[in-house]
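A.B. asks: First, the structure itself, so that you have it in front of you.
FYI, it's all coordinate maths here, none of it is from the lab. Since the model is a prediction, treat every value here as computed from it, not as a measurement. Backbone-built Cβ (ideal geometry, glycine too); neighbour counts: all protein chains shown.
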Amino acid sequence: MQVEIEPLVEIVCRSFKMDHEDTTSYIQEVIRSAIVPVAGVGTRLLPATKSQPKEMLPVARKPIVQYVAEELIANKIDQILFVTGRNKTSIENHFDTDPELIRNLSAANKQDLLKELRFEDHEAHFFYTRQRMQKGLGDAILCGENFAGEQPFVVALGDSILGLHAQSKTVLRMTELFEERHASCVIAVEEVPPDQTVNYGILKVTEGEGEWLRVVDLVEKPKPGQAPSNLAIAGRYVFSPVIFDMIRRVKPDARGEIQLTDAMAQLCEEGRRVLAVKLPPSERRYDIGNFPSYFETFVEFALADPDHGPELRAKLVQLLEKSRSAGND
């Protein structure tokens, strides 16, 4: 009888480990805080990023980081910490109120331009800290530990926009799932072509319930053919504070960087509840990581502009026809 009982105990223990829910009691019932890493140098967008942050590059009417902030605010986040670095002060300036500019525009009765500055009136609080050395995304998140405290929080990458003109409710869905399922981590994911897995953190998943999946492992930028799936991390996360301990355990990679993917993999190894939410087709990720993606995003957002989009569309048609005719000559 003893021989039969021991395997059964092992099975029960293993099952418990694979579904370790976060039972921490948080003071705050609703997740209201977000960390936005914006310290990256943006080398793939040089020379445009030589003297300005890539997060401040314009996409149609607004800089990238403004779309990110407005998306978070629309998803009930009202405390946002930007983890900055060298040459990033323009981000702070952008979210500050500029009384002199407002006075000048008011005196000139330029109501249309004053309307464009309404983002300054958002009832959100912006905070800033610096990542002193470029040591990877995991280290950037660790810079926000004092800000997050003992409460769960959102992470939104500062160079990724969800949904056309940031019309996305994915973060709200993620925070609600985090609370309902007592998760330690919820990750937004999107499907990518198999030959592009080398550009992303990729998830190994099992079936969940409804819209979510259970994450059992993560791999940072696997080669095609070695990826456990084609589900790529889409730049939005919800974490419990336990992630900070996981980050501290991660050893630097060959480039000296602390990978957030490795910290999340440790959550999975400990059997903590890590879940994934797929982006709906209407909320695709616009990743401004290189010139092709930047050009594509700018054009798509500009074409959707209610005032200038139709005129731009007509101009693009003319340019394409001219290019086609020149190619036939």
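A.B. asks: Take the chain, connect every pair of alpha-carbon atoms lying under 10 Å apart with a spring to form a Gaussian network, then pick out the residue of N290, N104, N230 with the largest mean-square fluctuation.
C.D. replies: Maximum fluctuation in the GNM of the chain, among the listed residues, is at N104.
A.B. asks: Let me ask something additional. How many percent of DSSP beta bridges within the chain run antiparallel, rounded to 5?
C.D. replies: On the way: 26 of 45 bridges.
Taking every DSSP beta bridge with both residues in the chain, the antiparallel ones total about 60 percent.
A.B. asks: Just the projected area, averaged over all directions, of the convex hull on the alpha carbon atoms of the range 252-320: how many nm²? Working shown, then result.
C.D. replies: Values: hull surface 32.5 nm².
Directional mean of the projected Cα hull area for the range 252-320 stands at 8.1 nm².
A.B. asks: Order of 302-315, 245-258, 135-148 by packing, highest average Cβ count within 10 Å first?
C.D. replies: In decreasing order of mean packing, 302-315, 245-258, 135-148 become 135-148, 245-258, 302-315.
A.B. asks: A follow-up question, please. Which far-off residues, 5 or more places away or on another chain, put their amide H under 5 Å from the one on G289, with H placed in the peptide plane?
C.D. replies: Sorted by chain and number, the residues that satisfy this are Y294.
A.B. asks: Roughly speaking, what is the centre-to-centre gap between the range 272-322 and the range 77-133 when only Cα atoms are used, to the nearest Å?
C.D. replies: Distance between centres, Cα-based: 24 Å.
A.B. asks: Order these peptides, 58-68, 158-168, by their mean beta-carbon neighbour count within 10 angstrom, highest first.
C.D. replies: Peptide ranking by packing, descending: 158-168, 58-68.
A.B. asks: Once you have all Cα-Cα distances for the chain, histogram them in 10 Å bins from zero and send the whole-percent values.
C.D. replies: Reading upward from the zero bin: 5, 23, 32, 22, 11, 5, 2, 1, 0, 0.
A.B. asks: Now, a different point. Enumerate the whole-percent occupancy of each 5 Å bin, from 0 to the last occupied one, for all C-alpha pair distances of the range 50-162.
C.D. replies: Pairs per bin, as whole percents: 2, 10, 19, 22, 21, 13, 7, 4, 2, 0.
A.B. asks: Computed over the Cα atoms of the range 162-312, what is the ratio Rg over Rh, Rh following Kirkwood? Display every interim value, and only then the final one.
C.D. replies: Values: Rg = 16.8 Å, Rh = 16.6 Å.
Here Rg/Rh amounts to 1.01.
A.B. asks: Report, in whole Å, the centroid distance computed from the Cα atoms of the range 220-259 and the range 138-216.
C.D. replies: Answer, in whole Å: 11.
A.B. asks: Still on this model: Put +1 on the Cβ of each Lys and Arg and -1 on the Cβ of each Asp and Glu in the range 177-329; which of G271, F295, L319 then has its Cα farthest toward the positive end of the dipole?
C.D. replies: Value: G271.
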